[in-house]
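Asker: The structure's right below; bear with me while I get my questions together.
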Amino acid sequence: MSLLELRDVKVVYQRRDGTLVPAVAGASLDVDAGEIVGLVGETGCGKSSLAKAAVGLVPVAAGTVTFDGRPVHVLGRRARRASERRLQLVFQNPYESINPRRTVGAQVADAFAISHTLPRESWRARVDELLRRVGLPLNLARRFPHQLSGGQRQRIAIARALAADPAMIVLDEPLSALDSSVQAQVANLLVDLARDLHVGMLLISHDLAIVRHVAHRTAVMYLGVIVETAPTAGLWRKPMHPYTQALIDAVPHADGAGHLPVALSGEIPDPARPPSGCRFHPRCPHVMERCLSDVPELVKHGGDRQVACWLHEEPVAARPADDLRRVSR
Ligand code: SF4
């Protein structure tokens with residue numbers, strides 16, 4: 001059993017005009033302890049909604065969220081609070097979680113005050129330890145957030161998350177507001193923390209280059225559903241879903257030579273009115289007749305990859321019996 005398990009999760013929002021919008025339309029994903037899983041996709045694909053569902057910030061309309069063996073989507077308030085301490089969220093904008101009027105040290109210490117897990121006389125030493133852990137000088141503890149750079153503020157947000165002694169951190173676009181040189185430093189910090197503290201991480205990002213650098217495994221999301229998951233290196237070497245191929249084609253070359261031709265055309269459709277069959281079919285360069293009507297399920301390919309695309313359907317007669325099992329809807 002994985003540390004975090006999302007199964008057929010659906011998240012539905014209501015627009016002002018009353019329209020129900022399925023932002024997440026049945027997504028399944030696992031994250032293990034010490035593992036970094038990147039969740040990528042265009043803006044509006046539902047990845048942030050899935051992250052919020054994972055930490056209980058939005059209600060789960062259907063499906064299950066299991067953390068550390070417990071179904072967090074149905075826990076009572078007290079049990080949920082205990083779970084939330086072990087399952088932390090870091091936002092894109094650290095100001096969303098940092099109080100501008102309190103010193104950095106006081107805010108990092110808040111986690112100890114809330115959880116009562118540390119005697120007060122030990123708070124100062126633990127704050128220093130956490131600042132050191134995220135690569136910040138100890139004198140920052142007496143400063144206010146406006147006196148820090150963007151990168152320092154994001155490190156403080158990570159230190160605050162670590163103060164709760166989490167088993168898992170969900171990071172929603174944590175690097176997108178930072179300069180590229182600072183992005184690389186904070187990305188390296190995440191890799192170090194996952195390895196050294198054995199913390200699981202779900203990293204939400206629209207930036208495939210960052211996810212390639214950081215994540216052990218990558219899940220690709222399109223219009224509310226996961227269309228491919230694979231170990232990150234294998235995904236880059238041989239993307240199987242046409243949407244994954246298009247996303248990777250659009251990533252700038254490391255040598256600065258610019259973008260490869262972008263195979264993807266058109267806008268992401270309105271999730272309130274998703275296309276029939278394969279949701280990607282209006283934009284897919286390989287679309288076939290059956291793609292217009294039949295929904296491809298996420299099916300296992302090899303030991304560690306799942307793909308939802310009719311291009312990769314194996315002939316039924318050639319498949320061993322245990323491969324016939326559909327992995328998820
Ligand atoms: Fe393209 Fe069809 Fe595969 Fe969808 S199922 S990605 S439309 S080939």
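The values are calculated or read from the model by the stated rules, or taken from the named source; none is laboratory data. As the structure is a prediction and not an experimental result, all values here were calculated from the model. All Cβ positions, glycine included, derive from the backbone under ideal geometry; neighbour counts span all protein chains shown. Heads up: the accessible areas ignore ligands, DNA and RNA and are worked out on the full protein's heavy atoms, side chains in. Shrake-Rupley method; radii C 1.70, N 1.55, O 1.52, S 1.80 Å.
Asker: Do the conditions hold for Ala187, that is, is it open to solvent by less than 10 Å² (accessible area, probe 1.4 Å), assigned to a helix (DSSP H, G or I) and not charged (D, E, K, R)?
Answerer: On the way: open to solvent by less than 10 Å² (accessible area, probe 1.4 Å): yes; assigned to a helix (DSSP H, G or I): yes; not charged (D, E, K, R): yes.
Yes; evaluated as a whole, the condition is true for this residue.
Asker: Still on this structure: Against the definition (at pLDDT below 95, among the β-branched types (Val, Ile, Thr) and under 18 Å from Leu203 (Cα atoms)), how does Val65 come out, yes or no?
Answerer: Numbers: at pLDDT below 95: yes; among the β-branched types (Val, Ile, Thr): yes; under 18 Å from Leu203 (Cα atoms): yes.
Taking the combined requirement at face value, the residue satisfies it.
Asker: Here's a follow-up. Just need a number here: residues in segment 269-287 that are within 29 Å of Gln14 (Cβ to Cβ), within 14 Å of the ligand (Cβ to nearest atom) and part of a loop (DSSP other than H, G, I, E, B).
Answerer: The total comes to 8.
Asker: Filter segment 315-329 down to the residues that are of a type outside the set (Lys, Arg) and assigned to a loop (DSSP other than H, G, I, E, B), then identify the one that is modelled with the lowest pLDDT.
Answerer: Pass one, segment 315-329, residues of a type outside the set (Lys, Arg): 315-318, 320-324, 327-328.
With the extra rule that they be assigned to a loop (DSSP other than H, G, I, E, B), the set shrinks to 315, 320, 327.
Values: Pro315: 48, Pro320: 42, Val327: 37.
Taking the candidates together, the pick is Val327.
Asker: Which count do you get for residues in segment 288-314 that are under 15 Å from Ala219 (Cα atoms) and either part of a loop (DSSP other than H, G, I, E, B) or more than 11 Å from the ligand (Cβ to nearest atom) (or both)?
Answerer: The first filter runs over segment 288-314 and keeps only residues under 15 Å from Ala219 (Cα atoms), leaving 297-301, 304-309.
Those still in the list that are either part of a loop (DSSP other than H, G, I, E, B) or more than 11 Å from the ligand (Cβ to nearest atom) (or both) too: 297-301, 304-306, 308-309.
The number of residues fulfilling the criteria is 10.
Asker: Tally time: how many residues in segment 30-67 are in a strand (DSSP E or B), open to solvent by 10 Å² or more (accessible area, probe 1.4 Å) and among the aliphatic types (A, V, I, L, M)? Walk me through how you get there before you give the answer.
Answerer: The first filter runs over segment 30-67 and keeps only residues in a strand (DSSP E or B), leaving 30-31, 36-40, 62-67.
Checking which are open to solvent by 10 Å² or more (accessible area, probe 1.4 Å) leaves us with 30, 62-64, 66.
If we keep only those that are among the aliphatic types (A, V, I, L, M) too, we end up with 62.
Of the residues in segment 30-67, 1 are in a strand (DSSP E or B), open to solvent by 10 Å² or more (accessible area, probe 1.4 Å) and among the aliphatic types (A, V, I, L, M).
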